[in-house]
Amino acid sequence: MTIDPRQMSLDEQLELLFQGTEYGDPELERNMRRELRQRLEEAQRTGRPLRVYLGVDPRTSDLHLGHTVPMRKLRQFQELGHTAIFLIGSFTSLVGDPSDKDKARKLMSFEEVMANARTYTEQAFKVLDPERTVIRYNHEWLSKLTFGDLIHLASHFTVQQFLARDNFRKRYDKGDPIHLHEFFYPLMQGYDAVALEADVQIGGTDQTFNIIVAGRKLQEAHGQRPQVGIFLPLLPGTDGKMKMSKSLGNHIPLKASPEDMYGKIMSVPDEAMPLYMRLLTRWTPKEIAALEADLQAGRLHPRDLKMRIAREVVEIFHGPEAAARAEAHFVRVFQQREVPADMPTYTLRPGQTVLEVLVAAGLVQSRNEARRLIQQRGVRLDGQVLDDPRAPFPGPGVLRVGKRRFVRVAEAEP
RNA sequence: GGGCGGGUACCCAAGUGGCCAAAGGGGGCGGGCUGUAAACCCGCUGGGCUUCGCCCUACGGGGGUUCGAAUCCCUCCCCGCCCA
């Protein structure tokens, strides 16, 4: 669905672009709205599209649902005819953004980062329009800065400004280390805006400092008009509380299988569903309000709402057929407690014990783990609990560990 | 550079010679409950084994004292605070 900008008034465009955004400070939001309106108006008048960018740091090998929130905002700009720049933080990743962390991050090697960057770009086009996306890498300019350049950039800021950021503040107050190089991160990101001559930068609410304080200031210092910051709420992870991130282990990867993505969404606590609806689905605010009203009135079971959300999200990334299959799988395995349609096969070798099969089939990580699971009655063959690790394996069937680990055990070929 | 305080399992954090494979919390996993892989309750959570117990490896690295060390000593590395 492409939006024809000529069919939307300036104010309608502005409304769309600000939909779902979150600004802690109403003053900031007013200013950003005003500035964006002005730029949209200029773009329309001069025919020069805005340069809108979103940066991601490829510190891990996969994008997750949290990344897609600002990416979809970028997509909206694309659809309104603007230039979308997907910036890979090939250089900033080496340091890691201190914004969302309460501790310093490991330094990474350039090789690691570039390997991750490749997988990022592939995954990014699940959301962005490849025809209208410019991919850039910030090592292109950041690695060329001299020490003198760095000092010049740094001279625009005070230590107090940095220490006023709550994440640095907290670490400072707790006596946790703050490494000097972490202060360079906002400078680097700010310089990205300069190098890209960005009109707009999109980011999560944790990016306020990097975008507003660092980016705008450095652009001004370089004689550019400061960019407009568009901020989106942070998507909570599978724990329902903390920001989704791989390092916290609460992420849902984009490359998860449809079944896995569906299930992971179902495992997110109910309380997080309002945000999931708003940040991940294609539903309009009106539709969301109606669903919430139904939920309130008891006409809609919380689980059913979650299932709809899960299906919608899987559909966005894997298409309608895969989403339907994922839902069927979920109903079958978790509601009806039946075995899934597909599962890996393990071929039995003569004389194997229960314990040996569990290990050999890769269902457990160690023999002790297998013993524990057996003791906890978490191992079943065709529904029968197996309670003796040393017993010979009974025979072919569906071997299940816990709720979601399955292997079809087959008889050895004669 | 000096003084003081620290470095404990996936994370946070107790423990200051044996009762410590190490309290507690989080996370993860298993079970129960549930028309949710939600919430809630119970349990488990280093590896190996001939498993009411035994062996190995583990409390920043290395070395030592001791019948015995996460706990004491030496040394090295790293962090915080104060001073310079």
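Only the coordinates and a few stated rules stand behind these numbers; no lab work does. As the structure is a prediction and not an experimental result, all values here were calculated from the model. Glycine also receives a Cβ, built like all others from the backbone with ideal geometry; neighbour counts cover every protein chain displayed.
Each of A:93, A:61, A:267 was scored by other Cβ atoms within 10 Å of its Cβ. Listed from fewest to most, they are A:267, A:61, A:93. Given in Å, the Rg to one decimal and the Dmax to the nearest whole number for the Cα atoms of the stretch A:258-335 are 12.0, 33.
When 1/r is averaged over all different Cα pairs and the result inverted, which Kirkwood radius in Å belongs to the stretch A:345-411? Computed over the stretch A:345-411, the radius equals 11.3 Å.
The mean sequence separation of alpha-carbon pairs under 8 Å and at least six residues apart, normalised by the residue count of the stretch A:345-411, gives a relative contact order of 39 percent. Note on the stretch A:239-281: Cα convex hull, mean projected area over all directions, 3.0 nm². Of the residues A:254, A:224, A:213, the one whose Cα sits farthest towards the positive end of the charge dipole of the stretch A:180-258 is A:254 (charges of +1 on Lys and Arg Cβ, -1 on Asp and Glu Cβ, taken about the Cα centre).
Taking Rh as the Kirkwood radius computed over C-alpha pairs, what is the Stokes-Einstein D of the stretch A:127-275 at 10 °C in a medium of viscosity 1.306 mPa s, expressed in µm² per second?
Working: Rh = 17.9 Å.
Value of D from the Cα-based Kirkwood radius: 89 µm²/s.
Once the Cα atoms are used to define both axes, helix A:180-196 deviates from the longest principal axis of chain A by about 70 degrees.
Applying 1/(1 + (r/R0)^6) with R0 = 35 Å to the Cβ-Cβ distance of residue A:288 and residue A:132 gives a FRET efficiency near 0.80.
Both radii come from the Cα set of chain A: Rg as radius of gyration, Rh as Kirkwood radius; their ratio Rg/Rh reads 1.05. Normalised by the number of residues in the stretch A:258-335, the average gap of Cα pairs under 8 Å and 6 or more apart makes the relative contact order 47 percent. Note on A:169, A:75: ascending count of other Cβ atoms within 10 Å places them as A:169, A:75, the fewest first.
Which value, in nm² and rounded to one decimal, describes the direction-averaged projected area of the C-alpha convex hull of the stretch A:5-232? Mind dumping the intermediate values first?
Values: hull surface 49.9 nm².
Over every viewing direction, the Cα hull of the stretch A:5-232 projects on average to 12.5 nm².
Spin-label model, residue A:38 to residue A:114: label points 7 Å out along the Cα-to-beta-carbon direction sit 4.1 nm apart.
Here are some pairs, A:217/A:243; A:174/A:403; A:126/A:174; A:246/A:306; A:170/A:255; which of them have Cα atoms lying more than 32 Å apart in this structure? Present the calculation step by step, with values, prior to reporting the outcome.
Details: A:217/A:243 27 Å; A:174/A:403 41 Å; A:126/A:174 41 Å; A:246/A:306 22 Å; A:170/A:255 35 Å.
From the list (A:217/A:243; A:174/A:403; A:126/A:174; A:246/A:306; A:170/A:255), the Cα-Cα distance tops 32 Å for A:174/A:403; A:126/A:174; A:170/A:255.
For the stretch A:1-139, dividing the convex hull volume of the Cα atoms by the residue count gives 125 Å³ per residue. Between 0 and 90 degrees, the angle of helix A:110-124 with respect to the longest Cα principal axis of chain A falls at about 80 degrees.
Relative to the longest principal axis of the Cα atoms of chain A, the long axis of helix A:285-296 lies at roughly 40 degrees.
Listed by chain and number, the aspartates and glutamates whose alpha-carbon sits under 13 Å from that of residue A:144, ignoring those within fewer than 8 places in the same chain, are A:192. Mean separation of Cα pairs under 8 Å and 6 or more residues apart, divided by the residue count, gives chain A a relative contact order of 13 percent. Counted over chain A, the DSSP beta bridges are approximately 35% antiparallel. The C-alpha radius of gyration of the stretch A:187-323, expressed as a fraction of 2.2 N^0.38 Å, stands at 1.30.
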